[in-house]
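Here is the structure we will look at.
The values are calculated or read from the model by the stated rules, or taken from the named source; none is laboratory data. What you see is a predicted model; the values in this text were computed from it and never measured. Glycine also receives a Cβ, built like all others from the backbone with ideal geometry; neighbour counts cover every protein chain displayed.
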Amino acid sequence: MNKLQQSNNKPTPTLAGNKDLSLDRFISRQNVIGKLPKTARLISADIKSWGQYEQEVLHDTHLHDVSQERMVWVVKVAYPDGISTRGGFFDNATQLAVVDAQTAQYITSMTTGDYRPETSPMYRLKIASFNENNSKW
């Protein structure tokens, strides 16, 4: 097998399939939603396969670290007063978080809402750089 053929092979997922396990082997819904901040309002918490999540939310974009047969909790939460993320602040936000249903390992999240670009780390970096470069005037 040449290098091109090797690179086209799917890597073995870090999180292998587990959808054949009984439900008592997974973290309970109460344990998943019991860790929500007081400022959050639960919209939904559903257990499904990673493949279902990819199809419904990511529109078949694949994350090869997670098997299509891996069970995950998909938790949708509203933050009416907003939420601060690494990318900045979102007013009236909704966050969709995905955690492994067996280990509670964080996999991914997506935040939507009224984005305030002035809260972005990149925006602050540009302003700091601009101020530093123009302070010599």
Single match in Asn18, Asn31 (criterion: in contact with a helix residue (DSSP H, G or I) (Cβ under 9 Å, 6 or more places away or on another chain), modelled with pLDDT of 90 or more and either of a type outside the set (Phe, Trp, Tyr) or farther than 24 Å from Ala93 by Cα (or both)): Asn18
Residue among Lys38, Lys19 that is in a loop (DSSP other than H, G, I, E, B), crowded, with 16+ Cβ neighbours inside 10 Å and more than 19 Å from the chain's Cα centre (by Cα): Lys19
Selected residue (criterion: surrounded by the most Cβ atoms within 10 Å (Cβ to Cβ)) from residues of the range 57-66 that are out of contact with any Leu (no Cβ under 6 Å at 6 or more places or on another chain) and touching a residue at least 24 places away in the same chain (Cβ under 8 Å): Leu63
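Considering only residues of the range 111-137 that are surrounded by 13 or more Cβ atoms within 10 Å (Cβ to Cβ) and of a type outside the set (Lys, Arg), which is modelled with the lowest pLDDT?
Tyr123
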Odd one out for Tyr106, checked against (1) at pLDDT 90 or above; (2) surrounded by fewer than 13 Cβ atoms within 10 Å (Cβ to Cβ); (3) among the aromatic types (Phe, Trp, Tyr); (4) more than 30 Å from Pro11 (Cβ to Cβ): (4)
Failed item, numbered, when Val72 is tested on (1) surrounded by fewer than 17 Cβ atoms within 10 Å (Cβ to Cβ); (2) part of a strand (DSSP E or B): (1)
